[in-house]
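I have placed the structure first, in the form of structure tokens, so that the comments after it can refer back to it.
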Amino acid sequence: MSDLAPSQSVDLPPDLVTAVQADLQSQLYGNLVISQATATFGAVVCAVLFFDGQPAVRVAAWVTYMVLVAMARLGWRARYRADGVHERSVRYWELSFMAGVAFSALGWGTAVVMFFDPVDVTRQLLLVVTVAAVAAGSIAHLSASFPAVGVMLSVTLLPLALMYARQPEGLGLAVLILLFFGVMLSIGWRNHATLRGNARLAEGNRRLVEQLTEHAAALETARSQDDAERELALSVFAAILPRRILEASKLSYHLSSQSAFNGDLLLVENHPDGRQHIMLGDFTGHGLAASLGAIPAADVFMSMTRKGFPLRMIVGEINRKLYTQLPANLFCAACLIEVDAAHSRLRVWNGGLPSVYLIRRQQTQDDRRVTPIHADHPPLGVLPPDRLICTPRSLAIDAGDLVFMATDGVTEQRDLTGDMFGDERLVQLLASATDAAGLADSLKRALATFSTGVEQGDDLTFVALRVGPEARLQARTLPDRGLPPASVQAADWRLRLELQAPALRRLDPVSLLSQFVGDLTAPAHDWNELDLVLGELYKNALEHGVLRLDSSGKHTDDGFEAYYRAREARLAALDDGHVTVELTHHRDPEGGVLQMTLRDSGSGFDHRAAGRESGEVPRLAHGRGLMLARSLCQGLEHRGDGSQVRATMRWRADG
Amino acid sequence: MSVTACVSAAGEVVEIQIVGRFDFSLQKAFRATYRDCPPGMVYRVDLSGVDYLDSAALGMLLLLRQHAGEVKQDVVLVQPTPSVAKILRIANFHQIFDVDQA
């Protein structure tokens with residue numbers, strides 16, 4: 001077995017050598033039962049054959065020795081079976097096997113010496129044949145260990161050769177026996193080499209199969225992980241692309257079935273005051289990478305819209321999130337629009353998407369039905385928050401007008417010759433559109449016809465919507481469709497609004513008015529404070545002036561509730577009274593000055609006692625509204641008996 | 001516009017979250033969040049989703065403070081947006097409420 005030492009098998013790892021050895025060991029021990037049975041049987045036959053020339057005691061002792069050796073070896077085999085072959089015990093088992101062989105061979109060697117009769121030629125021949133048979137038979141069994149073959153052959157055949165060599169006429173036979181010895185030895189070696197090769201091969205195969213199984217299992221695990229990730233991406237997209245809402249929204253849209261993997265995102269959500277926000281986004285990246293960005297974007301869009309934030313703040317927040325949270329190569333070409341049907345306004349912020357189109361129901365003066373709104377901003381997530389301009393463009397719309405948005409998959413759809421669908425074809429199609437559903441259908445058909453024979457990438461998403469009829473009801477609050485250009489905005493104007501009892505009962509003019517002031521004067525400015533001041537002044541005029549409510553009970557929970565119950569009841573029953581709101585705006589280089597005058601039909605109040613100063617520790621008393629308004633205004637004064645209030649607010653274009 | 005409230009596991013902190021316009025229309029819902037709470041609770045009013053807050057809302061916060069026992073630390077105003085923070089400052093609410101800007 002020394003030929004299998006690691007030093008001679010440089011290409012094999014040591015544990016493989018041990019494994020091959022162990023395999024050969026098990027072959028040795030595996031045949032031991034048969035070989036020992038044959039050996040014992042041979043010994044008995046031998047004893048019977050040669051009995052007459054020998055004293056009975058010697059023959060009996062010899063047979064007993066042979067049987068004991070056989071039993072001992074079988075005992076070792078039982079131990080071997082029980083213990084198995086461990087890495088360290090391979091050598092030990094080989095040595096124990098060698099000892100067994102040596103004892104067995106010693107028995108046969110003894111037989112040769114014992115039974116050799118220099119006179120009886122027949123007996124000599126019988127002995128030669130028997131011993132040769134034993135030697136030849138042992139080869140097959142012992143080949144797994146070449147030293148064992150050597151020991152067996154030497155101890156059985158060499159004494160016989162020696163015996164013949166001592167007689168002058170036996171020299172030829174001795175040479176023959178030595179020749180037989182050599183042949184047997186070489187056969188033993190050949191057998192051994194074959195066995196060893198087979199063992200290596202078997203071991204190699206076993207490992208190969210093991211490795212293959214391992215790789216297959218790893219591959220399977222990786223594949224199921226990949227599947228799980230796809231599944232995850234799909235479910236994330238399904239969750240953030242609320243198709244239910246889309247379907248309920250009356251939008252006509254085409255959303256590619258692969259949207260989860262090409263990063264197209266279409267969202268729609270309603271503002272609390274009825275405006276509708278729609279976002280179409282096209283993320284760089286695919287699958288899970290794209291949904292990484294889609295999650296925060298959708299989250300911000302949906303929740304901020306629901307909470308009533310204006311479009312520009314939503315744009316800013318999504319950009320901030322994507323810019324700070326995503327790697328630089330992941331961003332989102334997106335267009336956000338706000339459809340404000342009640343005020344006939346469309347606000348568009350287009351960052352990196354193809355042009356959005358406004359398709360008018362009627363021809364305008366300049367005879368253009370289709371107005372493109374080009375992207376004038378970079379995609380979301382590219383610019384740092386303080387560099388991105390988030391103010392949307394504002395356009396006048398009318399009931400029946402159509403708005404169309406698409407990702408670049410539409411215009412970049414190719415035909416067989418490689419030509420792209422292009423803007424021109426799209427505009428032609430848009431110009432003939434009359435309603436959103438028809439537009440979506442005809443575009444789908446046109447794209448299918450155009451790309452006949454080309455494998456469809458299915459990475460295009462588009463949406464078309466028709467401005468609802470409610471626009472017509474209140475549309476005429478604006479003198480002209482289309483805002484005046486920025487240079488004319490913030491001009492001087494005056495507005496007087498008188499609300500009689502029926503209007504007071506139903507209408508909350510404050511947000512209408514501040515929206516109007518904002519649109520007319522500077523849409524980009526934050527008019528939150530105007531909203532608040534006007535709200536407080538209007539509340540005072542309505543609640544204390546017209547409804548004659550007394551705030552003095554408001555310092556307890558129950559009083560507070562009673563106050564608002566009374567407000568509700570008196571307002572519902574109101575049939576007399578009025579509030580007049582007059583707004584005057586003067587432009588100046590820094591922004592403008594807005595003067596608000598409110599008059600109510602009430603009997604006034606002692607305004608000298610009301611309106612505590614800011615800076616005082618708040619108490620549970622009334623008058624806080626007036627204090628707030630006073631703090632936010634540059635001037636606030638009551639006139640006459642207190643039923644008239646005039647407040648002046650200055651706004652700056654940069655804030 | 002909504003008001004939601006939840007009580008912490010230990011039962012000592014009431015988290016009240018207000019979203020949208022905080023004005024008198026929320027009065028009933030807001031009061032319902034604390035009217036059945038025993039004394040000794042801490043109230044955290046999350047204002048991060050509020051974009052408009054008027055004098056009626058200020059009054060409602062004062063009533064909550066009264067219910068909580070008029071201890072400054074017992075009512076915490078959490079993350080007011082800049083415009084809301086300005087109103088709170090004008091009204092001097094930082095003197096009687098804990099305002100948690102973090």
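A few notes on this one:
- Listed by first and then second residue, the pairs with beta-carbon distance under 7 Å, at least 6 apart or on different chains, first residue in region A:198-211 and in contact (Cβ under 8 Å) with a residue 12 or more places away in the chain, second of a type in the set (Asp, Glu), are A:ALA199/A:ASP23; A:ALA202/A:ASP23; A:GLU203/A:ASP23.
- With respect to the stated conditions, A:ILE278 is under 23 Å from A:ARG466 (Cβ atoms), buried (at least 20 other Cβ atoms within 10 Å of the Cβ) and out of contact with any Lys or Arg (no Cβ under 9 Å at 6 or more places or on another chain).
- Residue in region B:63-84 that is farthest from A:LEU628 (Cα to Cα), counting only those that are at the interface with chain A (Cβ under 10 Å from one of its Cβ atoms) and of a type in the set (Val, Ile, Thr): B:THR81
- Selected residue (criterion: modelled with the lowest pLDDT) from residues of region B:13-39 that are farther than 29 Å from A:VAL300 by Cβ and more than 10 Å from chain A (Cβ to nearest Cβ): B:PRO39
- When residues of region A:559-596 are limited to those that are part of a helix (DSSP H, G or I), without any contact (Cβ under 8 Å) to a residue 60 or more places away in the chain and not charged (D, E, K, R), the one surrounded by the fewest Cβ atoms within 10 Å (Cβ to Cβ): A:ALA569
- Filtering B:VAL42, B:VAL7 for residues that are exposed (fewer than 15 other Cβ atoms within 10 Å of the Cβ) and more than 10 Å from chain A (Cβ to nearest Cβ) leaves a single hit, B:VAL7.
- Test for A:ASP550: is it surrounded by fewer than 19 Cβ atoms within 10 Å (Cβ to Cβ) and in the same structural domain as A:THR648 (by TED's automatic domain parsing): yes
- Residue in region B:45-55 that is farthest from the other protein chains (Cβ to nearest Cβ), counting only those that are closer than 17 Å to B:GLN17 by Cα and buried (at least 20 other Cβ atoms within 10 Å of the Cβ): B:VAL45
Yes/no matrix, rows are residues, columns are (1) within 14 Å of chain B (Cβ to nearest Cβ); (2) out of contact with any Pro (no Cβ under 8 Å at 6 or more places or on another chain); (3) assigned to a helix (DSSP H, G or I); (4) of a type in the set (A, V, I, L, M, F, W, C):
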site	(1), (2), (3), (4)
A:LEU495	no, yes, no, yes
A:LEU499	no, no, no, yes
A:GLN515	yes, yes, yes, no
A:LEU520	no, yes, yes, yes
A:GLU529	yes, yes, yes, no
A:LEU532	yes, yes, yes, yes
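- Of all residues making up region A:56-99, the number that are buried (at least 17 other Cβ atoms within 10 Å of the Cβ) and touching a residue at least 60 places away in the same chain (Cβ under 8 Å): 5
- Residue in region A:90-102 that is assigned by TED's automatic domain parsing to the domain that holds A:GLY42 and touching a Lys or Arg at 6+ places or on another chain (Cβ under 8 Å) present: yes
A quick yes/no check of all residues on (1) modelled with pLDDT under 70; (2) surrounded by 11 or more Cβ atoms within 10 Å (Cβ to Cβ); (3) under 25 Å from A:PHE462 (Cα atoms); (4) not assigned by TED's automatic domain parsing to the domain that holds A:VAL300:
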{"residue": "A:ALA217", "(1), (2), (3), (4)": "no, no, no, yes"}
{"residue": "A:THR221", "(1), (2), (3), (4)": "no, no, no, yes"}
{"residue": "A:GLN225", "(1), (2), (3), (4)": "no, no, no, yes"}
{"residue": "A:ARG230", "(1), (2), (3), (4)": "no, yes, yes, yes"}
{"residue": "A:SER235", "(1), (2), (3), (4)": "no, yes, yes, yes"}
{"residue": "A:LEU246", "(1), (2), (3), (4)": "yes, yes, yes, no"}
{"residue": "A:LEU251", "(1), (2), (3), (4)": "no, yes, yes, no"}
{"residue": "A:SER256", "(1), (2), (3), (4)": "yes, yes, yes, no"}
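- Search result, residues across region B:85-102 that are part of a helix (DSSP H, G or I), under 12 Å from the mean Cα position of the chain (by Cα) and more than 9 Å from every other protein chain (Cβ to nearest Cβ): B:LEU88
- Here the strands (runs of 3 or more DSSP E) wholly within region A:345-448 that include at least 3 residues being not aliphatic (A, V, I, L, M) are A:345-351.
- Among the residues of region A:387-434, the ones that are closer than 30 Å to A:GLY518 by Cα and surrounded by fewer than 15 Cβ atoms within 10 Å (Cβ to Cβ) come to 1 in all.
- Only a single item in (1) at positive phi; (2) surrounded by fewer than 23 Cβ atoms within 10 Å (Cβ to Cβ) is not met by A:GLY381, and it is number (2).
Okay, residues lined up against (1) modelled with pLDDT under 85; (2) under 20 Å from A:MET71 (Cβ atoms):
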site	(1), (2)
A:GLY100	no, yes
A:ALA111	no, yes
A:ASP117	yes, no
A:ASP120	yes, no
A:VAL128	no, no
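- Here region A:296-343 is the region considered, the condition is being part of a helix (DSSP H, G or I), among the polar types (S, T, N, Q) and more than 14 Å from chain B (Cβ to nearest Cβ), and the residue that is nearest to A:HIS271 (Cα to Cα) is A:ASN319.
The values are calculated or read from the model by the stated rules, or taken from the named source; none is laboratory data. Remember, predicted model here, so these are calculated numbers, not experimental data. Here the Cβ is made from the backbone with ideal geometry for all residues, glycine too, and neighbour counts use every protein chain on show.
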